[in-house]
Structure formats: C-alpha cells, structure tokens
Amino acid sequence: MSKIKKSLANESSVAAYCLVMILYCFNNIGFTQIFWIYFSLMILFTSVYWYRIYSSDEKNKTYTFFQFDNFSIALFLLTIYFDSKYKFINFELNSLSTYFLIIGLILILTHIVTYVFKGNKK
C-alpha cells in the first residue's frame, strides 16, 4: 500500500469550509449549482481524510472531521472577498453577520474545551 503524502492543508479544514458554504448556500439561495459543487468537495475531502485516518498505522488515531481552524476561516474570508469582486455567490452582508457569530462561537468553544481537557491531563 502506498503512503499518502501529508499536505500542508488539512482535508478536514477544507471540508469544514465546504460545510459552512453548504449551510450558507442552502439557507440563502437553495439547491443551486454552487451548493452541489461545495457538497461534492465536502464529500471528497472528508473521504480522503477518512482514508488517511483508516490507513495510518498509529495506535492513537485522531478523528477531527470538520476542523474549524485558521485555514478554514481564511478560505471563508477569501471567498467573501472574491465574491464581492466577481459576484459568483452574491453574499448578503446582513446574513453573514450570523455566520461570523456562529464561527466565532465555535472557535471559542473549541478553544475552551481544548484548554479544559489539556488541563485535566496534567
């Protein structure tokens, strides 16, 4: 079996970005072509990440599907920038404030949970 090359970008982060875009597209513009593109990409990157976990020889495997980190947030912010220039999704800025709130809460909660669990191990 060939080893999968570890990449700089984590597939889980890209899948998290695709999940946010799926939620936005579904809530605001419905089942359009861009929704299905992001849905397909999410399935693809989740499958690749699942395969990397499954094929690894480590005893302590880490399962972090849909990891909301700096990379996924950066992808989302870049999408907003390019959409403001080229209008391929037509983001509504009023509805984006809700997504910024949700993403901020998820990041804060994951940071607090990680801090609490690291504190218990010491």
For ILE73: the one exception among (1) at pLDDT 75 or above; (2) within 15 Å of CYS25 (Cβ to Cβ); (3) among the β-branched types (Val, Ile, Thr): (2)
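How many residues does the stretch 66-106 contain that are among the basic types (Lys, Arg) and over 20 Å from ILE34 (Cβ atoms)?
0
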Subset of the stretch 38-69 [over 16 Å from the mean Cα position of the chain (by Cα) and loosely packed, with under 11 Cβ neighbours inside 10 Å]: TYR54, ASP57, GLU58, LYS59, ASN60, LYS61, THR62
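Scan the stretch 81-94 and give yes if some residue there is over 16 Å from ASN10 (Cβ atoms), surrounded by 15 or more Cβ atoms within 10 Å (Cβ to Cβ) and either of a type in the set (Phe, Trp, Tyr) or modelled with pLDDT under 80 (or both), otherwise no.
Yes, there is a match, as at least one residue in the stretch 81-94 is over 16 Å from ASN10 (Cβ atoms), surrounded by 15 or more Cβ atoms within 10 Å (Cβ to Cβ) and either of a type in the set (Phe, Trp, Tyr) or modelled with pLDDT under 80 (or both).
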Flag for PHE66 being touching a helix residue (DSSP H, G or I) at 6+ places or on another chain (Cβ under 9 Å) and not in a loop (DSSP other than H, G, I, E, B): no
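The values are calculated or read from the model by the stated rules, or taken from the named source; none is laboratory data. On a predicted model such as this, the values are computed, not experimentally measured, just so you know. All Cβ positions, glycine included, derive from the backbone under ideal geometry; neighbour counts span all protein chains shown.
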